[in-house]
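The next block holds one structure in the form of structure tokens; read it before the comments.
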Ligand SMILES: Nc1ncnc2c1ncn2[C@@H]1O[C@H](COP(=O)(O)OP(=O)(O)O)[C@@H](O)[C@H]1O
Ligand SMILES: [Mg+2]
């Protein structure tokens, strides 16, 4: 077990130039497999977890800007801030959030009451302080939260979960429960090895088999591709997973400036390279197949999330 990790990590440090185009096919296959419109009671719901091994690689910026990009093309998007750490979604957007999920669990507020209207049509559930406690809900509380989410299901198309960095319990629960895990990685050794470690744990202990990679702060599209190839090659060699390429976001001063202004780059500097990359990723995400009807899925999601493991 440890030896394959060591081998995997060693291989990550080797050059990743070759193998450049072989990974496109999986993504292309997925992209063309649009699900048929079915007659289910409710519309399908996509649940995307945005994760990373290492912190500070851009998860919150990805969650917010991809969320707004999806909202701009007609999806109803709810962003759940599941990172209890620093730089939360509400801080990034300059929103003052008085209530969060813990107030829903305590029965003090309804889910609707804690949802904030963010910029660009984005709806937001602010971070709760007691995420640990959420894995220890009793049956009644659990049923309550499932109902609270189920009530919303018909009003949503996409739920994005901005997770904390690393492999804490809450992070893996969110990733296990989501349909798609977007792993954000930058070209630094710690980011790459920690991303690999996250993929490995999610696969080995939680049976997650498909991941989408987003390369952030890259110098060029080729740089992003190269990062993807490096991780995909090692992950697919040592683990039973498929890693598809979602795309790259360039290192962009416009994004930094937008963070300072507490306005998402996609709204503050819509013609910047970073903003455009989020727009194009939203198109890709929109093409991913989505099967489950919202009500059935939200039940599964919340059960997985709040019942611990
Ligand atoms: N594409 C980018 N170009 C330039 N700077 C970036 C980019 N993405 C992220 N950053 C910088 O990294 C910081 C951390 O991003 P953030 O989204 O908060 O990361 P995380 O949520 O993973 O901790 C941002 O405040 C910004 O300064
Ligand atoms: Mg963050």
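Summary of computed values
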{"item": "Failed condition for residue 225, given (1) under 16 Å from the mean Cα position of the chain (by Cα); (2) within 17 Å of residue 284 (Cβ to Cβ); (3) crowded, with 18+ Cβ neighbours inside 10 Å; (4) away from ligand 2 (no atom under 16 Å from the Cβ)", "result": "(1)"}
{"item": "Cross-chain or 6+ apart pairs with Cβ under 7 Å, segment 246-265 first and within 6 Å of ligand 1 (Cβ to nearest atom), then modelled with pLDDT under 95", "result": "259/92"}
{"item": "In segment 159-170, residue farthest from ligand 1 (Cβ to nearest atom) [restricted to those that are buried (at least 24 other Cβ atoms within 10 Å of the Cβ) and over 12 Å from residue 54 (Cα atoms)]", "result": "159"}
{"item": "Any chance residue 302 is modelled with pLDDT of 95 or more and in a helix (DSSP H, G or I)", "result": "no"}
{"item": "Any hit, segment 55-70, residues being more than 16 Å from ligand 1 (Cβ to nearest atom), in contact with a strand residue (DSSP E or B) (Cβ under 9 Å, 6 or more places away or on another chain) and at pLDDT below 95", "result": "no"}
{"item": "Residue ID - surrounded by the fewest Cβ atoms within 10 Å (Cβ to Cβ), chosen from residues in segment 171-182 that are closer than 20 Å to residue 56 by Cβ and away from ligand 2 (no atom under 14 Å from the Cβ)", "result": "172"}
{"item": "Residue 77 modelled with pLDDT of 95 or more, more than 16 Å from ligand 1 (Cβ to nearest atom) and in contact with a helix residue (DSSP H, G or I) (Cβ under 9 Å, 6 or more places away or on another chain)", "result": "yes"}
{"item": "Helices (runs of 4 or more DSSP H) contained entirely in segment 97-169, each with at least 2 residues that are at pLDDT 80 or above and within 16 Å of ligand 2 (Cβ to nearest atom)", "result": "none"}
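So that you can scan it fast, the table gives a plain yes or no per residue for (1) more than 14 Å from the chain's Cα centre (by Cα); (2) near ligand 2 (Cβ under 9 Å from one of its atoms); (3) part of a strand (DSSP E or B); (4) farther than 20 Å from residue 271 by Cα:
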residue: 47; (1), (2), (3), (4): no, no, yes, yes
residue: 53; (1), (2), (3), (4): no, no, no, yes
residue: 61; (1), (2), (3), (4): no, yes, no, no
residue: 67; (1), (2), (3), (4): no, no, no, no
residue: 70; (1), (2), (3), (4): no, no, no, no
residue: 80; (1), (2), (3), (4): no, no, yes, yes
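The values are calculated or read from the model by the stated rules, or taken from the named source; none is laboratory data. Just so it is clear, the model here is predicted, and its values are computed rather than measured. Note: ideal-geometry Cβ built from the backbone for every residue, glycine included; neighbour counts use all protein chains shown.
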